[in-house]
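Reviewing the structure listed below.
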Amino acid sequence: MSSNEKKCPVVNTEMARNYEEDRQSKSTETVYTTSNGCPVPHPYATQRAGVNGPLLLQDFHLIDLLSHFDRERIPERVVHAKGSAAHGFWEASEGLEDLCMADMFKKGTKCPITIRFSTVGGESGSPDLQRDPRGFAIKFKTQEGNWDFVGNNTPVFFLRDPAKFPHFIHTQKRHPATHLSGGDDSTMFWDYLSQNPEAVHQVMILMGDRGIPDGWRFMHGYYGHTLKVVKKNGEWVYAQFHIISNQGTKTFTAEEAAKLSPDYGQKDLYEAIERGEYPSWTMKVQTMTASEAEDLWEKQRINVFDLTHVWPQKQFPLRSVGTLTLNENPKNYFAEVEQSAFNPAHMIPGIEPSADPVLQSRLFSYPDAHRHRIGANYQQLPVNAPICPFRMANFQRDGQMAFFNQGERPAYLSSIDPVQFKDRPYDLNKVHGKFVGEAVSFLSEIRPEDFNAPRKLWENVFNKESKQRFIKTVSGHMKNCKEQEILKRQIAIFREVSPEIAEGLEKELGFKGYKTIKGMNFNGTHNGMTEKKIAANGMTISEEVVFNNGAPRRTKL
């Protein structure tokens, strides 16, 4: 045995043959090598032309090390960049078999899950406790494929027109010239909101007591969009899914959050699981027939295709379906959190999209972002890969990092070596039929009923102290806005919710806002507050301008 071997004893081990073996291996069970498997005696040593000469290009170990280091980062998510995740399991303790044929909803069924929590607007190094909505994304690895539940911790969002999303998110980012964020300059934020008043419900939640959750464990999750759940015979109902925290909900004030770690959510979740305090949530669902959805619009002006509206729980009560439990931390953050990818288009038999236009746009945008950020074969990564009990096949081939490239099997529909097919369990035409019409240029309009839900939130949910904190939070944020005209418009929007809000803000800011939004021209939405409607951004009213918010309606014969 050489002296060198005495200093660095090597224990012979079998090479890790798969991802899970590598994931569980300890450093003491491994041998240091270059990327091509060649052992190297010391990671710091380099090759030089003499002890005082230049480096040698032939030193592959150094070149290998540096060139990989230069490429360690993948693009961070444009939204939801800062987040945490953990693994666990789903159990359908109650089931939903009477309404949905999905295998995961059969009573007693279990499957693995990964949940990723996140802030929305901040960069990957931003604080976990920013005042911001929280992403709540779940990957259910079922026997019928992956269902990705891609939601938030609020039941509504800032918009209902999909083309607004990039515009809104740009207002949450840094200013293109000053590079300042909203904490120093809130002008972009309030400029957008003052031109798109349908955002007011989400703003009420964001600036209220629920705006800063206590980490990730003490908050609910909501799908937000309306889905369809389908039985095997093709009958379906609309559904809204809620993920209710079994830990209850807790929040922080801005002052409390400022004193805590910027990685508070990550630390709290990780350490709780390590202690054996496994967080869990109960999935609940509201359901509604197509006829009920039509009545809801005709009689109450609530639109099930509108991401700014909520379903009344007294009319459509929550029903428990099952439980989600997180009991395992990632072994490697990059592999299991940063590379995790959640896609609302990932659905399984029994779950179908509705005509919600924002959902429809996300069905494209999310996988498109993953293909850019991670690569065309992102679903081959273990954290994203399905675990179906059959050997999967398709005609997707090649691309970067194609590990499972389907061998010598034909990359087309072959009659010589045919792939097997499985019948669809129900008639898709029956589930998604009746959408026949001409192409329409669609942009929603602000209407009086858009203020009903935020008004109930203010009058029935916020107590006196909550209202005072809301006024303080909003006015404090508004003081970083450099254009008073923007704030006058926003005060008028709040006045439609309650004069009490407008008056409180006026007192704090020292100037008056506009009395009403009736007659206002918004650059982002049509104004339908009165019988005389005003097209967005001064557009000429023509056949292209449609004053209709796209709710489900009965077909007139």
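The values are calculated or read from the model by the stated rules, or taken from the named source; none is laboratory data. Treat the numbers as computed from the prediction; the structure is a model and nothing was measured. Methodologically, a virtual Cβ is constructed for each residue, glycine included, from the backbone with ideal geometry; neighbour enumeration extends over all protein chains shown. Surface accessibility is based on the protein's heavy atoms, side chains included, excluding ligands, DNA and RNA. Shrake-Rupley method; radii C 1.70, N 1.55, O 1.52, S 1.80 Å.
Summary table below
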read-out: Solvent-accessible surface ranking, highest first, for Arg447, Arg553 at 1.4 angstrom; value: Arg553, Arg447
read-out: The range 59-124 versus the range 140-167: alpha-carbon centroid distance in Å; value: 14 Å
read-out: Sequence-separation-based contact order of the chain, relative, with Cα cut under 8 Å and 6+ spacing, percent; value: 16 percent
read-out: Sequence-distant aspartates and glutamates (8 or more away, or on other chains) whose Cα lies within less than 19 Å of Lys488; value: Asp185, Asp191, Glu198, Glu496, Glu500, Glu503, Glu506, Glu508
read-out: Residues of the chain: accessible area per residue with a 1.4 Å probe, Å²; value: 53 Å²
read-out: Listed residue pairs exceeding 25 Å between alpha carbons, taken from Lys232/Lys422; Lys314/Lys507; Lys82/Lys472; Lys173/Lys482; value: Lys314/Lys507; Lys82/Lys472
read-out: For the range 496-510 and the range 168-199, distance of Cα centres in Å; value: 21 Å
read-out: Distance between the range 256-318 and the range 347-361 - C-alpha centres, whole angstrom; value: 17 Å
read-out: Percent antiparallel among DSSP beta bridges (both partners in the chain, rounded to 5); value: 95 percent
read-out: Set of aspartates and glutamates with alpha-carbon distance to Lys267 below 19 Å, sequence-local pairs under 8 removed; value: Glu123, Asp128, Asp132, Asp214, Glu256, Glu277, Glu328, Glu336, Glu338
read-out: Relative packing of 369-378, 341-350, which averages over residues the other C-beta atoms within 10 Å, highest first; value: 341-350, 369-378
read-out: Relative contact order %, the range 133-178, counting alpha carbon pairs below 8 Å whose residues are six or more apart; value: 28 percent
read-out: Loop-located chymotrypsin sites (Phe, Trp or Tyr not before Pro) in the range 383-429 whose Cβ has at most 15 other Cβ within 10 Å (DSSP); value: Phe390, Phe395, Phe403, Phe404, Tyr412, Phe421
